[in-house]
Amino acid sequence: MPLHAPYDPDNIFAKMLRGEIPAIKIHEDDHTLAFMDIFPQSDGHTLIIPKHVEARNLLDMPTETLAPFITSVQRIARAVEKALTPDGLIVTQFNGEAAGQTVFHLHMHVIPVYTGQPRRRGHGTGEPADMDALGKLATQIAAAL
Ligand code: 5GP
């Protein structure tokens, strides 16, 4: 799939924003939704997506909408750190299939890193995590906001 292509309004994150498929939500405001990744690379792997934009990736994102988005990413990353006390945090996103992107609505990953614990390899693959465990993590992170 090319880096630049029309936005597909039926991608899974757009469906989550419309409430058509479930999400284990951490926090939602006027601009963003933060929720648990169901194929987490580590405990607390969180995704943050912008609302009200049809942006497949960072390159598509209207510049004037970036500030509230990145502000929310920082707020969630701080809450993940406070709630789960990892040794480090990866904050990242992929642009285009060639770069590893699999869902084509802009999203930022917040991935806690725990020294001595290997992260799950790859992303978006394998068995989904236990939903109750993800729910508990979401509650912990939300409480740290
Ligand atoms: P990308 O590969 O596009 O950077 O990241 C997409 C992310 O979405 C992956 O980390 C993958 O685990 C996650 N993901 C895929 N399907 C679902 C889903 O149905 N629900 C949630 N919460 N995350 C998903």
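The values are calculated or read from the model by the stated rules, or taken from the named source; none is laboratory data. What you are looking at is a predicted structure, and each value in this text was computed from that prediction instead of being measured. We place every Cβ from the backbone using ideal geometry, glycine too, and count neighbours over all the protein chains shown. Quick note on the areas: whole protein, heavy atoms, side chains included, nothing else; ligands and nucleic acids left out. Shrake-Rupley method; radii C 1.70, N 1.55, O 1.52, S 1.80 Å.
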Which residues does the label zone of residue 66 cover in region 9-35, counting backbone N under 20 Å from a point 7 Å along Cα→Cβ? 31-33
With axes computed from alpha carbons, what is the tilt in degrees of helix 66-84 against the longest principal axis of the chain, rounded to the nearest 10 within 0 to 90? 20 degrees
How much length is gained if the chain between residue 115 and residue 7 is pulled fully straight, taking 0.36 nm per residue apart and subtracting their Cα-Cα distance, in nm to one decimal? 35.1 nm
How large is the Rg to Rh ratio of region 18-145 when both quantities use alpha carbon positions and Rh follows Kirkwood? 0.94
Taking all protein chains as present, what is the carbon and sulfur share of the accessible area of the chain, in % to the nearest whole number, probe 1.4 Å? 55 percent
Centre separation in Å (Cα based) which lies between region 30-57 and region 62-78: 12 Å
Determine the sum of side-chain charges near residue 27: Lys and Arg each +1, Asp and Glu each -1, restricted to other residues whose C-beta is under 13 angstrom from that of residue 27. +1
Eight or more residues apart or on different chains, and alpha-carbon atoms under 22 Å: count the Lys pairs in region 12-143 matching that. 6
